[in-house]
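Data first, discussion second: the structure below is written as structure tokens.
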Amino acid sequence: MNIRIPSFEAYKSDYQKSIDNPEAFWSNIAESFEWKKPWATTLDWNFNDPDVKWFDGGTLNITENMLDRHLEERGDQIAFYWEPNEPGDANKSLTYKELYHEVCKLSNGLKSLGIEKGDRVCIYMPMTLEGVISVIACARIGAVHSIVFAGFSSNALADRINDAKAKLVITSDGLNRGTKHLDLKSMVDEALKQCDTVEHVLVHKHTHNDAPVVEGRDVDYQSLVDKMDDTCPATEMKSEDLLFILYTSGSTGKPKGVVHTCGGYMVYAAYSFQNVFQYEQGDVFWCTADIGWITGHSYIVYGPLLSGAKSVVFEGIPTYPDCGRFWAVCDKYKVNQFYTAPTAIRSLMGAGIEFVTPYKLDSLKVIGSVGEPINEEAWQWYHREIGKENCPVVDTWWQTETGGIMISGLGSHSPMNPTHAGYPLPGIQPVLLDQEGNEITENEVEGYLCVKHPWPSILRTTYGDHERCKNVYFSHYEGYYFTGDGAKRDKNGMYRIIGRVDDVINVSGHRFGTAEIEDAINTNDSVVESAVVGYPHDIKGQGIYAFVVVDAKNNRDAIEQSVSDSVADGIGRIAKPDKIQLVSGLPKTRSGKIMRRILRKIAEGERSNFGDTSTLLDPSIVESIIEKAK
Ligand code: WT7
């Protein structure tokens, strides 16, 4: 199956076709996949409900497209290389045939535990091959996976298990990340004190830390799969049946479960993978994301396997054992396409060129970036030092909700402009809207980034709360999908993403709602109220600044620590504030609304010029906050 666009000219003509007749365009692409039953209607849609159906009437199983259909042609080809956290430890690999059998065994194991089509399975795993196998095994039997990044706390895990009413949790005894070792299983045990839908916990022994076993509930992964048959029929799924739920933060406190469905997600994950990275058969692809984020879903698991690709799964972190690890791994596996986040690029750039020079990096053909806007300096460094000025940098803009890359260069075909994501992929119709919701048609403008026509992997709903999906994404501007981002379009029509325009902070490419962090801070008994804002951070892109009103007079350092702990408990260490300032009050309007605009300016380092402050109830509060600002 080759759905690769061969040139920029071909891109332009495909783009035009995809706009003129989206249904003909996508139906043509979809035909290169294996369907059990062909679809009757290519697209049915209405953004007001919202209701979007792609390839309705068709049935398939995505894993047959990822595994079975490759067996004959490339059964003995590597599907995954696995690189462990410790560079000296043995690496592993799986061919397509081996992966197929491992998946089938686990699928049978899941069935033996009573998991049926439509049941939700929560996956809370480190970056192991068993993590990837778990995802595919769910899809094979039609169970809906909900992967929770293994950096979220027990409380956050419990919330997600409860929201999805998960019947099974798949986890590992422990996790290695650089010098840190985490007892994952005990986090699950802790979470399950708050959950009553989970019948079993499947535990893969990875770190062999002798995690305690709950009799009757816990099942050992290896002993289970060892007993199972190594083939398993793939469950027939309707195109619009749920494939997975992935929780993501928004501007309200509670994360929402973004829902993706089988047919459309399959088509777009593969299409975007092959085109953005210009993946050619035999190439080695490496996406450094974690499978707990959408990037890992679409570009570690689904996109590459659907395309019969070889790729690398990496357990560790970019800075361990030193800041040359990424480059060592690129050389080791002769990586051709490398995909990472600006925050990693900035931190490795800061570590010094001596961590890059020992490596050849001569296998690289395309290097990618995702998760947040990439600043000019980091872009130039990446292009020069890693790509050796020979590799196009694909700055890929997309979201959990979009399922796949939306705006990006296509390998070396597209013109490049540093800090600009570029042009939309075929089938994607971005628009910039002004305050009133009117489309701005000219170039050299800035506006709210929306999309005006569905693409196959657009989110279908937010799990258990369709109204919320409508309110968050489809109500701001009637008839459009609203991304929450602001963007500019330059004189050539290339897009440059500015960042979120809602109360979402993007920390190292991860999204957190300010309200979500405030909720976690407010669970602390000493806290009266709090306000959280983002501020520019050299490495993380945005840092988290928390202004906290406390009622205790005791040790301020201890309170700061305990506020930080509250966030680690409520969400996870990844969301800990970079700065916590204890304040006597928050700047509020007479009607009691917190003036975040002022706090944002203070966090950004502004000490005067706060604009109109006449509506402030007590202007002296601002003075006192500035005095102790960090
Ligand atoms: C938000 C989505 C889907 C990738 C991982 C993050 C920001 C993402 C870019 C980019 C500028 C970007 C946006 C977007 N973002 N990629 N190339 N340039 N900003 O997924 O957690 O769903 O976050 O990340 O603000 O809305 P996510």
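The values are calculated or read from the model by the stated rules, or taken from the named source; none is laboratory data. Computed from a prediction, not measured in an experiment: that's the story for all the values here. Note that each Cβ is placed from the backbone with ideal geometry, even for glycine, and that neighbours are counted across all protein chains shown.
Structure notes:
- Restricting attention to the stretch 441-460, the residues that are free of Cβ contacts under 8 Å to residues at least 40 places away in the same chain and of a type outside the set (D, E) total 3.
- Members of the stretch 326-347 found to be part of a helix (DSSP H, G or I) and more than 15 Å from G371 (Cβ to Cβ), listed by number: F326, W327, A328, V329, C330, D331, K332, Y333
- Pairs meeting the criteria (first residue in the stretch 507-518 and of a type in the set (F, W, Y), second residue within 13 Å of the ligand (Cβ to nearest atom) and part of a loop (DSSP other than H, G, I, E, B), beta carbons under 8 Å, at least 6 apart or on different chains) are F512/S249.
- Among the candidates G499, G484, G447, the residue that is at pLDDT below 95, in a strand (DSSP E or B) and either within 13 Å of the ligand (Cβ to nearest atom) or in contact with an Asp or Glu (Cβ under 8 Å, 6 or more places away or on another chain) (or both) is uniquely G499.
- Within the stretch 351-366, if we keep just the residues that are among the hydrophobic types (A, V, I, L, M, F, W, C) and part of a loop (DSSP other than H, G, I, E, B), the residue that is nearest to the ligand (Cβ to nearest atom) turns out to be L364.
- All conditions in (1) within 13 Å of the ligand (Cβ to nearest atom); (2) part of a helix (DSSP H, G or I); (3) out of contact with any Cys (no Cβ under 8 Å at 6 or more places or on another chain) hold for Y299, with the sole exception of (3).
- Residue in the stretch 522-537 that is under 23 Å from G403 (Cα atoms), more than 15 Å from the ligand (Cβ to nearest atom) and without any contact (Cβ under 8 Å) to a residue 40 or more places away in the chain present: no
- Whichever residue in the stretch 12-40 is among the small types (G, A, S) and in a loop (DSSP other than H, G, I, E, B) and, among such residues, is surrounded by the fewest Cβ atoms within 10 Å (Cβ to Cβ): A40
- Contact map, the stretch 419-431: first residue under 20 Å from I374 (Cβ atoms) and at pLDDT 95 or above, second residue β-branched (V, I, T) and within 14 Å of the ligand (Cβ to nearest atom), Cβ cut-off under 6 Å, separation 6 or more or different chains; pairs are A421/I407; A421/I497; P424/I407; P430/V451.
- Among the residues of the stretch 409-437, just one is within 12 Å of the ligand (Cβ to nearest atom), part of a loop (DSSP other than H, G, I, E, B) and at positive phi, namely T419.
- For the stretch 255-283, the tally of residues that are part of a loop (DSSP other than H, G, I, E, B) and more than 16 Å from the ligand (Cβ to nearest atom) stands at 6.
- Some residue of the stretch 484-498 being surrounded by 15 or more Cβ atoms within 10 Å (Cβ to Cβ), of a type in the set (A, V, I, L, M, F, W, C) and within 25 Å of K17 (Cβ to Cβ): yes
- Criterion violated by I136 - all others in (1) hydrophobic (A, V, I, L, M, F, W, C); (2) under 18 Å from the mean Cα position of the chain (by Cα); (3) surrounded by 24 or more Cβ atoms within 10 Å (Cβ to Cβ) satisfied: (3)
- Test: E401 is over 25 Å from E9 (Cβ atoms), of a type in the set (D, E, K, R), outside any loop (DSSP other than H, G, I, E, B) and under 17 Å from the mean Cα position of the chain (by Cα): yes
- Residue that is nearest to G403 (Cα to Cα), among those in the stretch 367-383 that are assigned to a strand (DSSP E or B) and in contact (Cβ under 8 Å) with a residue 40 or more places away in the chain: V370
- The conditions of being more than 21 Å from the chain's Cα centre (by Cα) and crowded, with 24+ Cβ neighbours inside 10 Å are not met by Y302.
- Candidates D49, D14, D20, D68: the one that is in contact (Cβ under 8 Å) with a residue 24 or more places away in the chain, closer than 28 Å to G409 by Cα, out of contact with any Ser or Thr (no Cβ under 7 Å at 6 or more places or on another chain) and of a type in the set (D, E) is D14.
- Positions within the stretch 339-364 being in contact with a Ser or Thr (Cβ under 8 Å, 6 or more places away or on another chain) and within 21 Å of E280 (Cα to Cα), in sequence order: Y339, T340
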